[in-house]
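The values are calculated or read from the model by the stated rules, or taken from the named source; none is laboratory data. Keep in mind the model is a prediction, meaning the values are calculated, not measured. Quick reminder, even Gly has a Cβ in these numbers, built from the backbone with ideal geometry, and neighbours come from all protein chains shown.
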């Protein structure tokens, strides 16, 4: 029987909203103590407004977890205004109260690897901040590969660079328009290092074509890895069965329950 | 003030209150006990169960539309045996009545399913899914043809003494004709409605938003359709009706009762508010108390048609 771990449906209040150019935003929410133990890769479902559109909650990776005053726990969400739901959320204000269901799903595994690569495509970097912090807590070294169309898509680049350096690693960026780092796709510099055997594990999050390319690359190089997937999702807690991810054995996994983090060799890309 | 009695009796089924979870929106009942107060429910209708487990359709299986949700899950389920071995015992502790939603590709499969649960005491009733729009075979083949539906219901009727519910499709010219067929076949209760066939396209990619292109629409967008069909069926057919379609607030529950429903199922709302049934049960009690009513019975079919002309 599928019984989830600890999750709560709570009222969270918006502590701060950071709006960034090109529709990116970061939201800090005051939540309950349960969220302090959120694993990197887990997510929340956020109810935006009380109207018919959006009707369903929206899924967001837990971008960061921090302590506020006293015992207060904060989580950060990183998003980009695309549709009506994300736009309304990006325009929320400090003091707004939102219903938040979480932490949901299974996060990234944290094994004893010697050197790992974190690979983000655009706003797919969202869950990788918490992952980077947890890796740093364990004294592990990682490189951060950050790709986007343009430098404005590389949200929180300086923070990622700082954490990566602290770990003893390096941030490698690529943009399709050449505004930051190498021009082209992030898989190109990653492949150069993968074939040299630099890494023994790869973590990825971003658009599906990037994740499929990552899975392919890792498979060719014989390296294990995991990706946090994004699929259309109805409920986030396993009730609607909407978020099917095809597995290699022909069956379907639920992204919200069995994921959103999957091993590269588990998914039919 | 004495507490309001929310219990209802319909077609041999006694519910502690008239708020049930709709099939396919609450798994097999037990999984979400940490998110929803199962004690508050009047009844739990399981995900559609088939003889063998089904994998369901490839994704995308779900998308949101204005005020609604389109889905094409394709009846992914664990199969009747896994339900009976893993879930039924755990459901015993709740006052909610457990209703199994059954799906077959042939009349024989429906009959086997209903026979299999006939002697399971925890199961209060059987709901036949003859209206799923998202699978190629079975289900809707029966739900759109009065003669085949009548034969199917009669065959299942012979196999069980449990209250027999048939869930009707809205995607037909005359839901009443199908409701009458169910009555002739020996059904005890009708649930109206299953999802409304629809589709959605992304204008940027020019692609349909569901893998199967077409899917079933649910949520507040379909409430007027559901209300009309409940009204028609309750007027024309002498069987109790369970209303389904877009219930969000206690006012929706009351409106379904006024249209002729004896109970309602809550579905899509659970996706955004897992504990909605508890809220609705409380709000319904408050509503009745405020109106000075001692139960729901006086609301059932109590629509005031004075001064109207049926169009």
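Can you tell me which condition residue B:278 does not meet? The list is (1) within 30 Å of residue A:45 (Cβ to Cβ); (2) surrounded by 24 or more Cβ atoms within 10 Å (Cβ to Cβ); (3) touching a residue at least 40 places away in the same chain (Cβ under 8 Å), and all the others hold.
(2)
Return a yes/no flag: does segment A:19-40 have any residue that is out of contact with any strand residue (DSSP E or B) (no Cβ under 8 Å at 6 or more places or on another chain) and within 19 Å of residue A:242 (Cβ to Cβ).
no
Could you please find all residues in segment B:27-51 being at pLDDT below 95, within 21 Å of residue B:114 (Cα to Cα) and touching a helix residue (DSSP H, G or I) at 6+ places or on another chain (Cβ under 7 Å)?
Scanning segment B:27-51 gives B:28, B:29.
Is it the case, given these coordinates, that residue A:56 is within 16 Å of residue A:93 (Cβ to Cβ) and either surrounded by 24 or more Cβ atoms within 10 Å (Cβ to Cβ) or outside the structural domain of residue A:83 (by TED's automatic domain parsing) (or both)?
So residue A:56 does not fit the description; no.
Of all the strands (runs of 3 or more DSSP E) wholly in segment A:144-231, which have at least 1 residues that are in contact with a strand residue (DSSP E or B) (Cβ under 9 Å, 6 or more places away or on another chain) and within 17 Å of residue A:63 (Cα to Cα)?
So the answer is A:201-205, A:224-228.
Regarding residue B:310, is this residue without any contact (Cβ under 8 Å) to a residue 12 or more places away in the chain, surrounded by fewer than 17 Cβ atoms within 10 Å (Cβ to Cβ) and more than 21 Å from the chain's Cα centre (by Cα)?
So residue B:310 fits the description; yes.
Can you tell me which residue among A:95, A:49 is in contact with a helix residue (DSSP H, G or I) (Cβ under 9 Å, 6 or more places away or on another chain) and surrounded by fewer than 17 Cβ atoms within 10 Å (Cβ to Cβ)?
A:49
So, of the residues in segment B:11-40 that are more than 13 Å from every other protein chain (Cβ to nearest Cβ) and within 14 Å of the chain's Cα centre (by Cα), which turns out to be farthest from residue B:270 (Cα to Cα)?
B:18
Looking at residue A:139 and the list (1) touching a residue at least 60 places away in the same chain (Cβ under 8 Å); (2) in a loop (DSSP other than H, G, I, E, B); (3) out of contact with any helix residue (DSSP H, G or I) (no Cβ under 9 Å at 6 or more places or on another chain), which single condition is not satisfied?
For residue A:139, the exception is condition (1).
Just to be sure before I move on: is residue B:74 at positive phi, free of Cβ contacts under 8 Å to residues at least 40 places away in the same chain and more than 7 Å from every other protein chain (Cβ to nearest Cβ) in the structure I sent?
So residue B:74 does not fit the description; no.
Within segment A:37-57, is there a residue that is part of a helix (DSSP H, G or I) and away from every other protein chain (no Cβ under 14 Å)?
Within segment A:37-57, one or more residues are part of a helix (DSSP H, G or I) and away from every other protein chain (no Cβ under 14 Å).
Please pick out the residue among B:252, B:232 that is away from chain A (no Cβ under 14 Å) and either assigned to a helix (DSSP H, G or I) or surrounded by fewer than 24 Cβ atoms within 10 Å (Cβ to Cβ) (or both).
Result: B:232 is the single residue among B:252, B:232 that is away from chain A (no Cβ under 14 Å) and either assigned to a helix (DSSP H, G or I) or surrounded by fewer than 24 Cβ atoms within 10 Å (Cβ to Cβ) (or both).
Might you let me know whether segment B:106-128 holds any residue that is within 14 Å of another protein chain (Cβ to nearest Cβ) and modelled with pLDDT under 95?
no
Checking the structure you have, find out if any residue of segment B:262-281 is more than 24 Å from residue B:62 (Cβ to Cβ) and outside any helix (DSSP H, G or I).
For segment B:262-281, residues more than 24 Å from residue B:62 (Cβ to Cβ) and outside any helix (DSSP H, G or I): present.
Being away from every other protein chain (no Cβ under 13 Å) and out of contact with any strand residue (DSSP E or B) (no Cβ under 9 Å at 6 or more places or on another chain) is the filter here, so list the residues in segment B:255-278 that pass it.
Residue satisfying the conditions is B:258 alone.
Mind counting the residues in segment A:80-98 that are in contact with a strand residue (DSSP E or B) (Cβ under 6 Å, 6 or more places away or on another chain) and within 14 Å of chain B (Cβ to nearest Cβ)?
The number of residues fulfilling the criteria is 3.
For residue B:66, work out the one condition from (1) in contact (Cβ under 8 Å) with a residue 60 or more places away in the chain; (2) surrounded by fewer than 21 Cβ atoms within 10 Å (Cβ to Cβ); (3) in contact with a strand residue (DSSP E or B) (Cβ under 9 Å, 6 or more places away or on another chain); (4) within 9 Å of chain A (Cβ to nearest Cβ) it doesn't fulfil.
Only one criterion in (1) in contact (Cβ under 8 Å) with a residue 60 or more places away in the chain; (2) surrounded by fewer than 21 Cβ atoms within 10 Å (Cβ to Cβ); (3) in contact with a strand residue (DSSP E or B) (Cβ under 9 Å, 6 or more places away or on another chain); (4) within 9 Å of chain A (Cβ to nearest Cβ) is unmet by residue B:66, namely (3).
Across segment A:207-265, what is the total count of residues that are away from chain B (no Cβ under 13 Å), free of Cβ contacts under 8 Å to residues at least 24 places away in the same chain and surrounded by 21 or more Cβ atoms within 10 Å (Cβ to Cβ)?
0
A quick yes/no check of all residues on (1) closer than 30 Å to residue B:29 by Cβ; (2) under 20 Å from the mean Cα position of the chain (by Cα):
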site: A:170; (1), (2): no, yes
site: A:180; (1), (2): no, no
site: A:192; (1), (2): no, no
site: A:222; (1), (2): no, no
site: A:227; (1), (2): no, yes
site: A:235; (1), (2): yes, yes
site: A:241; (1), (2): yes, no
site: A:247; (1), (2): yes, no
site: A:255; (1), (2): yes, yes
